[in-house]
Amino acid sequence: MQATGWWMIAVALTCGVAACGDDTPASSAGAVNSAGSAAAGADATAYLGAGAIGVSDLDVSQEFYTTIFGMSLRYALPVPGYVDERVLHFKDSAMGSDVVLMHFTDGTPRNYKSNPARLVFYVPNAMAITDAIRARGLTVISEPAPQAAFNNTVIGFAFDPDGYALEIIESTRLSVPFLGAIGLGVADLERARVLHRCARHAADGRAAERAERLGRIHLPLPER
Amino acid sequence: MPNVWDEYIFRYPSGKGSSVVVMHYTDGRPRNYLNNPVKTVHFVADSTALTGKVQQAGLPILSQPTPYTVQGVKAIIGLARDPDGYTVEMVTTQ
């Protein structure tokens with residue numbers, strides 16, 4: 001595994017304590033140097049294959065994501081005594097990663113409700129999605145509306161059956177939805193910030209700088 | 001997003017697949033960030049080497065890279081946990 005792949009994994013994990021040598025802001029100079037050398041060995045093929053969420057009822061969640069977002073079951077993967085997974089995909093879209101629904105069967109208690117993770121979907125019609133969610137009695141956190149900070153992109157928020165936040169971003173260029181991102185709530189964003197500095201010289205520097213300036217950035221629409 | 005959350009968004013250089021966002025809420029509501037049942041699945045060139053680097057970084061390895069066949073596709077899959085307890089699946093297909 002080449003080093004830049006590791007940087008991006010590390011950033012994704014928010015784990016780069018060892019990757020940057022230190023998790024304090026003072027380490028950023030060394031981190032930048034390391035990241036700079038890392039960039040030369042980038043894993044150009046690495047990608048996020050899926051974002052997976054634990055759900056309380058696989059059938060309920062599968063029905064929700066297939067009906068509301070038009071996803072399809074790619075396959076079911078039971079791992080006996082540990083977890084049952086259902087891998088969903090947008091069969092008519094070449095963009096974005098899969099969504100995996102997980103329900104653990106190992107007897108260890110897990111909290112499936114209202115976890116600080118979120119799924120970000122790009123959709124052709126945000127209002128149609130939130131209307132469909134509301135019609136199921138689920139919560140629409142904020143109605144789709146143009147966001148001036150993001151070039152008036154229409155964005156709405158809602159909850160899925162387990163309380164995972166759904167960010168619904170409208171792109172009228174699309175004919176079918178896709179998963180733009182999976183969000184992970186982290187206890188220490190500064191740790192991720194240090195890695196962010198690492199990654200700036202690897203792959204996503206512009207986004208990093210914008211993020212520091214705005215506090216939040218609009219997801220770029222991937223190239224087709 | 002002021003008074004709601006701060007976040008950073010990352011994409012792989014390949015441009016393929018979705019992004020990963022790390023976020024921390026700033027709205028004052030208590031949240032449990034640890035050991036939630038959420039996983040990210042990363043397809044990489046060498047999951048064995050990456051798992052080794054993750055281990056060197058001091059993170060827990062749930063499963064050393066192991067050959068599996070999933071839906072007819074052979075893969076080497078390693079599993080780890082990030083500092084918040086999110087599962088990280090590292091996959092290299094053969």
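Couple of notes before you dig in:
- Set B:LYS39/B:LYS74; A:LYS91/B:LYS53; A:LYS113/B:LYS39; B:LYS16/B:LYS74; A:LYS113/B:LYS53 screened for pairs whose C-alpha atoms are more than 24 Å apart: A:LYS91/B:LYS53; A:LYS113/B:LYS53
- Maximal additional length on extending the A:ASP188-A:THR45 stretch stands at 48.6 nm, based on 0.36 nm per residue less the C-alpha distance.
- For chain B, adding -39500 (n - 2.57) for each run of n ≥ 4 DSSP H residues and dividing by the number of residues yields -3000 deg cm²/dmol at 222 nm.
- For the stretch B:5-93, the share of DSSP beta bridges that are antiparallel, to the nearest 5, is 80%.
- Couplings 3J(HN,Hα) for the stretch B:4-21, derived from phi with the Karplus relation 6.51 cos²θ - 1.76 cosθ + 1.60 (θ = phi - 60°), are 10, 7, 10, 8, 10, 10, 10, 10, 6, x, 5, x, 8, x, 7, 8, 10, 10 Hz, where x marks Gly and Pro.
- Long-range HN-HN contacts of A:SER114 with modeled amide H, under 5 Å: A:GLY163, A:TYR164
- Remark: the stretch A:128-142, residue by residue, has Karplus-estimated 3J(HN,Hα) of 4, 5, 5, 5, 5, 5, 4, 4, 8, x, 8, 7, 9, 6, 8 Hz, where x stands for each Gly or Pro and the curve is 6.51 cos²θ - 1.76 cosθ + 1.60 at θ = phi - 60°.
- Each DSSP beta bridge with both residues in the stretch A:93-175 is either parallel or antiparallel, and the antiparallel ones are about 60%.
- At R0 = 45 Å, FRET efficiency that the Cβ-Cβ distance of B:VAL4 and B:TYR68 yields, to 0.05: 0.70
- Pairwise label distance in nanometres, A:THR172 with B:GLN55, each label 7 Å out on the Cα-Cβ vector: 5.4
- Remark: the A:ALA128-A:LYS91 segment gains 11.3 nm on full extension, using 0.36 nm per residue and subtracting the alpha carbon distance.
Bear in mind that the values in this text are calculations on the coordinates, not laboratory data. Predicted model only: the values in this text are computed from it and were never measured. Heads up, the Cβs are rebuilt from the backbone with ideal geometry, glycines too, and the neighbour counts pull from every protein chain shown.
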